[in-house]
Amino acid sequence: ETLDGVPPWHPDDNIVVTLAGDECEIGKSPTWTIGNWEHTIIQIAPGETYKAPLLARNERQAIKLARGVLLDVSYDGIFKDGHWETYVVSTPNRAVPFWVDGNKDEFKAGSDGAVMVYMKVTEQALKETITDMESGPVTKMEGPYMEGRPWVRCNEPFGEAFDDIEFYNFAGMKIQENDGKHLMYMQHWTLREDANADAYHNGHPFGEIHMALYTANKVSGMQTFLPGTQNLNVIPNPEDATSATWFNNDDPGVQISMPWGPGVGHGPIWSINPETGEPIMNCDGAVHYPLHRHLISANGPANEPLRYTMWTAFEHPVEHVTVPLNMLTSWPNAYIQTSEVPDCDAEPPAGPVEAAME
């Protein structure tokens, strides 16, 4: 039986983290090292403050909220009642840094409390690159229950369309409330720069935010369609294109890209109700997304040896990803958020990922 929130292609090898519960002012998990990055799950009771250990001179820190609000952590949020509020999500369709200033060592929760993934990495680690899947950062995986957990090449769960793509997945962590209710799932991926891109996909029952740990180049990041638009200069696929990289690549809609550096991710790319900030749902009850994927194809010469990008996918239940209305706009032609409503009578777009999961 697959646990709630755990992807069906790796029901095993996941780590389950259960929160301490409301009786604790501060709950702190063990620390896991993932690709040289330390990850600790912190639960903060309403109005309480987590005091982080002092950073070493060469350390940097970043956070990803799983639920709730943090006060005065960064300026990537909304100024309200005398405080800068940081949320689980940020402005849609934009690159978003998750870094927190190194002088910040107090993390105060708002009135509903907060749960965050607190991350640390050294500047020396950020100067490393991933050039194979047998050495370097991808082997720096430490902490409880981490021993022996494998990186899995994506042609194993997703089929032969991925045979020519150096694309790997590492089973992650399921974070749940003290009563067992699912809160967030986080898993990890790598993609080699000669892949150009992975496959488009759009079938998610959750709100998904990504953050890069290492990048092969400064193109590497999210690519997504802007529904309701038309690209008058769309380039057709090559006649001999067969890999998953080309599937839907010549769709006539306009696409945008959000490049990442380490510690940088993106805001929501799913469809959002502009009146409530809530996700718009598909006809089958999943979150409605445009086709999207990871783009990694740069114009300059490839690195020698070839490099991989490594990133984390943070997968949130729908109830935790409502976007504050002050991060959205309905001003004509501004196009900050995607607000497409699904046509339940239309044939849904297919792709190699969805086909492999049927």
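Overview of results
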{"read-out": "Counted residues, segment 253-270 - those being more than 21 Å from Met186 (Cα to Cα) and surrounded by 19 or more Cβ atoms within 10 Å (Cβ to Cβ)", "value": "1"}
{"read-out": "Positions within segment 6-21 being over 16 Å from Met146 (Cα atoms) and either of a type in the set (Asp, Glu) or part of a loop (DSSP other than H, G, I, E, B) (or both), in sequence order", "value": "Val6, Pro7, Pro8, Trp9, Leu19, Ala20, Gly21"}
{"read-out": "Residues located in segment 242-266, provided they are over 15 Å from Asp198 (Cβ atoms), among the hydrophobic types (A, V, I, L, M, F, W, C) and part of a loop (DSSP other than H, G, I, E, B)", "value": "Val254"}
{"read-out": "Any chance Asp72 is at pLDDT below 95 and either under 25 Å from the mean Cα position of the chain (by Cα) or polar (S, T, N, Q) (or both)", "value": "no"}
{"read-out": "Residues located in segment 214-227, provided they are more than 22 Å from Pro301 (Cα to Cα), assigned to a strand (DSSP E or B) and not polar (S, T, N, Q)", "value": "Phe225"}
{"read-out": "Among the residues listed as Glu85, Glu25, Glu48, Glu59, the single one being in contact with a Leu (Cβ under 7 Å, 6 or more places away or on another chain) and either open to solvent by less than 50 Å² (accessible area, probe 1.4 Å) or under 18 Å from Glu177 (Cβ atoms) (or both)", "value": "Glu85"}
{"read-out": "Exclusive hit being over 30 Å from Leu325 (Cα atoms), out of contact with any Lys or Arg (no Cβ under 8 Å at 6 or more places or on another chain) and open to solvent by 30 Å² or more (accessible area, probe 1.4 Å), set Glu123, Glu142", "value": "Glu142"}
{"read-out": "Lone qualifier among Asp12, Asp72 - being surrounded by 15 or more Cβ atoms within 10 Å (Cβ to Cβ) and out of contact with any helix residue (DSSP H, G or I) (no Cβ under 9 Å at 6 or more places or on another chain)", "value": "Asp72"}
{"read-out": "Listing of strands (runs of 3 or more DSSP E) fully contained in segment 132-207 that carry 3 or more residues being closer than 18 Å to Asp12 by Cβ and modelled with pLDDT of 95 or more", "value": "167-176, 182-192"}
{"read-out": "Segment 1-48, subset among the small types (Gly, Ala, Ser) and without any contact (Cβ under 8 Å) to a residue 24 or more places away in the chain, residue nearest to Thr139 (Cα to Cα)", "value": "Ser29"}
{"read-out": "Conditions (1) modelled with pLDDT of 95 or more; (2) touching a strand residue (DSSP E or B) at 6+ places or on another chain (Cβ under 8 Å): number failed by Thr276", "value": "(2)"}
{"read-out": "Subset of segment 145-195 that is small (Gly, Ala, Ser) and surrounded by 15 or more Cβ atoms within 10 Å (Cβ to Cβ) - its residue that is nearest to Glu315 (Cα to Cα)", "value": "Gly172"}
{"read-out": "Test: Ala66 is under 30 Å from Pro290 (Cβ atoms) and either under 20 Å from the mean Cα position of the chain (by Cα) or not in a strand (DSSP E or B) (or both)", "value": "yes"}
{"read-out": "Members of segment 22-45 found to be modelled with pLDDT of 90 or more, part of a loop (DSSP other than H, G, I, E, B) and either more than 26 Å from Thr129 (Cα to Cα) or out of contact with any strand residue (DSSP E or B) (no Cβ under 9 Å at 6 or more places or on another chain) (or both), listed by number", "value": "Cys24, Glu25, Ala45"}
{"read-out": "Set Thr215, Thr229, Thr242, Thr224: member being open to solvent by 60 Å² or more (accessible area, probe 1.4 Å) and either within 17 Å of the chain's Cα centre (by Cα) or hydroxyl-bearing (Ser, Thr, Tyr) (or both)", "value": "Thr242"}
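The values are calculated or read from the model by the stated rules, or taken from the named source; none is laboratory data. All values reported here derive from a predicted model rather than from experimental measurement. When we count neighbours, we look across all protein chains shown, and the Cβ atoms used for this are built from the backbone with ideal geometry, even at glycine. The area values use the complete protein model at the heavy-atom level, side chains included, leaving out ligands, DNA and RNA. Shrake-Rupley method; radii C 1.70, N 1.55, O 1.52, S 1.80 Å.
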